[in-house]
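The values are calculated or read from the model by the stated rules, or taken from the named source; none is laboratory data. Because the structure is predicted, anything quoted here is derived from the model rather than measured. Using ideal geometry, Cβ is built from the backbone for each residue, glycine included, and neighbour counts are taken over all protein chains shown.
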Amino acid sequence: MSDTYQAIANSPMGKALFGAINLPIPVILDRWQPGQASFIKGRVLVGAANGSTGVDTILSTLKGAPEAQLSVLANTSTATELQKKAGKAGVDAENYTATREDDAKFKGLVFDATGIQNPDELKALWEFFHPVIRKLEKCARVVVIGRTPEKQTGVTRVAQRALEGFTRSVGKEIKKGATVQLVYVDEGAEAQLASPLHFFLSPKSAYVSAQIVRVTESGFKAAKFDWNKPLAGKKALVTGGSRGIGAAIAEVLARDGATVTVLDIPPMAEDLSKVAAQIGGDTLELDITAPEAPDAIAAKGKEIGGFDVIVHNAGVTRDKMLGNMPEKFWDMVLDINIASQLRINEKLLGDGAINQGGSIISISSIAGIAGNLGQTNYGASKAAVIGMIDAFKDEYAEKGITINAVAPGFIETQMTAAIPFTIREAGRRMNAMSQGGQPVDVAETIAFFASPASQGLTGNVVRVCGQMLLGA
Ligand code: NAD
């Protein structure tokens with residue numbers, strides 16, 4: 001769907017006019033294009049608080065990204081140590097002395113705050129970011145690494161929790177399509193930081209901002225894989241795959257090497273076949289709420305040697321104010337958006353139709369976090385998706401299976417094109433990027449969770465919402 005406002009605002013005349021009357025000019029976001037490296041291209045400045053432990057993984061990740069030139073901020077207490085580590089890791093790191101006046105520009109800022117143990121030490125954030133935060137290029141990436149607060153005690157827990165408010169505030173300041181994320185890592189799980197660093201320092205995370213993910217050590221070790229084709233040899237199922245976000249997910253998973261089965265209701269058979277033909281996948285024509293659906297999906301899984309990735313994307317809205325809502329609207333939305341997923345998961349797990357090292361990813365929504373007028377049924381179902389992630393993460397982890405949710409904000413699809421104009425315009429602009437996201441933005445986030453590199457990520461909810469003003 002097109003965003004006319006964004007197109008006009010970015011035309012030469014529009015820029016001058018909109019700028020003069022202080023209207024937001026939504027930046028055209030850099031998104032990954034075929035043939036492009038998966039990392040951002042440009043200077044990445046790395047810093048760390050004293051005693052931080054994520055630096056080795058940051059350096060080894062950047063070493064695999066020749067398009068990112070590494071700089072170390074010279075005027076901080078940990079600069080010498082960082083330089084030494086970079087040398088050991090075989091990464092060329094330029095020493096950069098910041099002044100507010102110099103004209104340096106950065107495409108990325110990465111700060112390891114895992115060593116921060118009390119509120120006084122939070123000053124390290126100011127020392128690192130203050131001189132450089134205005135030196136970000138368009139669509140730059142900022143990543144802060146912290147220590148999972150729930151696993152800390154006393155003042156360390158207090159200080160680590162502060163990182164949330166810090167990163168979310170930075171997200172509202174940086175503009176120009178830049179993003180910021182916070183990754184909390186458990187002690188001993190630092191090697192698992194590679195996957196979130198790859199994703200959050202990439203054009204693939206264009207519409208993801210101010211998100212917090214938690215990384216743990218996984219008992220399951222993934223076999224070797226290629227970062228450019230992480231899903232090679234894997235089998236994926238995408239429900240609701242005939243159009244919109246589902247079709248984009250199927251395309252991105254296939255791009256990453258997976259063989260994809262797309263599922264949709266029988267009336268969508270024609271569109272479904274088109275998607276399958278485009279990506280060399282196959283189809284399942286099925287209503288996920290039908291009594292035979294879990295058996296049919298499990299049978300398909302077993303026939304192909306087990307699924308490695310399950311994406312619960314199929315979803316519907318049936319909006320009405322609660323007082324006017326017919327019972328059938330309530331029942332339908334709850335059954336499609338959550339109850340059927342629980343039945344399918346139970347059957348797939350019970351039948352061994354999901355392989356060890358596999359991942360389940362379900363689509364929630366901003367409405368499940370912030371609530372929405374006329375969407376009590378939808379909001380309940382999408383909050384229940386978050387409940388499902390939380391309820392099953394430990395049980396599935398024992399089987400080497402991760403479960404995560406992606407919560408889109410306003411995404412340009414047929415679903416949102418049907419919203420009345422004024423409400424649609426408000427939805428589009430009410431985020432730090434002043435624009436809606438694209439289906440591919442959701443799809444890239446699903447692919448991030450589906451990657452074998454993401455074994456350390458389970459029980460997470462990532463919003464793809466350009467840092468929407470609603471909800472946390
Ligand atoms: P869409 O309506 O374009 O696509 C949904 C697909 O699910 C359709 O192809 C539909 O036929 C299929 N489906 C519906 N009921 C089914 C059933 N019982 N069995 C099998 N398939 C079924 O919607 P979309 O915008 O692409 O949304 C995809 C997902 O993202 C949904 O879960 C939606 O709730 C969620 N979401 C979308 C947005 C957005 O802005 N578009 C925002 C938040 C969440």
Subject >> Conditions (1) within 16 Å of the ligand (Cβ to nearest atom); (2) within 14 Å of the chain's Cα centre (by Cα); (3) of a type outside the set (A, V, I, L, M): number failed by Gly244 >> reply: (2)
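To keep it simple, each residue is scored yes or no on (1) closer than 20 Å to Leu193 by Cβ; (2) modelled with pLDDT under 95.
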residue	(1), (2)
Ala113	yes, no
Lys123	no, no
Trp126	no, no
Thr153	no, no
Gln160	yes, no
Gly165	no, no
Ser169	no, no
Lys175	no, yes
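Per-residue answers, yes or no, for (1) surrounded by fewer than 23 Cβ atoms within 10 Å (Cβ to Cβ); (2) under 20 Å from Phe449 (Cβ atoms); (3) of a type outside the set (A, V, I, L, M):
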residue: Val311; (1), (2), (3): no, yes, no
residue: Asp319; (1), (2), (3): yes, no, yes
residue: Lys328; (1), (2), (3): yes, no, yes
residue: Val333; (1), (2), (3): no, no, no
residue: Ser364; (1), (2), (3): no, yes, yes
**OP:** Report whether or not Ser273 is within 11 Å of the ligand (Cβ to nearest atom) and not aliphatic (A, V, I, L, M).
**Re:** no
Original post:
Based on what the data block shows, is Ala89 surrounded by fewer than 20 Cβ atoms within 10 Å (Cβ to Cβ) and under 29 Å from the mean Cα position of the chain (by Cα)?
Top reply: yes
**OP:** Among the candidates Val262, Val238, single out the residue that is without any contact (Cβ under 8 Å) to a residue 40 or more places away in the chain and closer than 28 Å to Ile288 by Cβ.
**Re:** Val262
Subject >> Tally of residues being surrounded by fewer than 16 Cβ atoms within 10 Å (Cβ to Cβ) and touching a strand residue (DSSP E or B) at 6+ places or on another chain (Cβ under 8 Å) across the stretch 224-256 >> reply: 1
**OP:** Would you mind telling me which numbered condition in (1) at negative phi; (2) without any contact (Cβ under 8 Å) to a residue 60 or more places away in the chain Thr114 fails?
**Re:** (2)
**OP:** Could you name every one of the helices (runs of 4 or more DSSP H) located completely within the stretch 111-200 that has at least 3 residues being over 19 Å from the mean Cα position of the chain (by Cα) and either assigned by TED's automatic domain parsing to the domain that holds Thr402 or not β-branched (Val, Ile, Thr) (or both)?
**Re:** 123-129, 154-174
Subject >> Tally, over the stretch 422-441, of residues that are over 22 Å from Glu173 (Cβ atoms) and within 20 Å of the chain's Cα centre (by Cα) >> reply: 4
Original post:
When you scan the stretch 371-472 for helices (runs of 4 or more DSSP H) that lie fully inside it, which ones turn up with 2 or more residues that are touching a Ser or Thr at 6+ places or on another chain (Cβ under 8 Å), within 14 Å of the ligand (Cβ to nearest atom) and more than 21 Å from Leu237 (Cβ to Cβ)?
Top reply: 376-397, 421-429
